Amino acid sequence: MRAVGIKDLKNNLSSFLDFVRGGETVLILDRNQPIAEIKKVDPKSDRTQLYLKEAANANSIIPAKTPKGINIPKSILLNAGVKTRVSTAWREAYQADRD
């Protein structure tokens, strides 16, 4: 584990992030008091699913009964320069999913 002050971290952030990429943990100090840690993210933990599960348990959100992806027609993807067509396609796909 490496310890670093805020000023030093700010001035050399890229090099400290290289240590983190290598698997080390960086301890951030403010006036020699530890305030935070930077460590490598575990790619196996899906934070989105964890958040959704916690929010559903707290009744903050109501998850979809059967989640489905939204497919945008290929013709619209090829002509994506027109913003209104993409908006219309999303609105129609959303409405079809709701029905």
In debye to the nearest 20, the charge dipole size for the chain, taken about the Cα centre with +1 at each Lys and Arg Cβ and -1 at each Asp and Glu Cβ, equals 260 debye
With the dipole of the chain defined by +1 on each Lys or Arg Cβ and -1 on each Asp or Glu Cβ, the option from N12, A58, S87 whose Cα lies farthest towards the positive pole is S87
Over the Cα atoms of segment 2-58 the radius of gyration and the largest Cα-Cα distance (Dmax), both in Å, equal 14.9, 42
Over the chain, the sum of -39500 (n - 2.57) across DSSP H runs of at least four, divided by residue number and rounded to 500 deg cm²/dmol, gives at 222 nm -13500 deg cm²/dmol
Taking 0.36 nm per residue of separation between L52 and I35 and subtracting their Cα-Cα distance, the length gained on full extension comes to 3.3 nm
In whole percent, the fraction of accessible protein surface over the chain that belongs to carbon or sulfur atoms, probe radius 1.4 Å, stands at 53 percent
Excluding residues fewer than 8 positions from K39 in its own chain, the lysines with Cα under 25 Å of it are K7, K10, K53
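The values are calculated or read from the model by the stated rules, or taken from the named source; none is laboratory data. All figures in this text were calculated on a predicted structure; none of them were measured in a lab. Note: ideal-geometry Cβ built from the backbone for every residue, glycine included; neighbour counts use all protein chains shown. The protein model used for the area step is the full one, side chains on, heavy atoms only, and it has no ligands, DNA or RNA in it. Shrake-Rupley method; radii C 1.70, N 1.55, O 1.52, S 1.80 Å.
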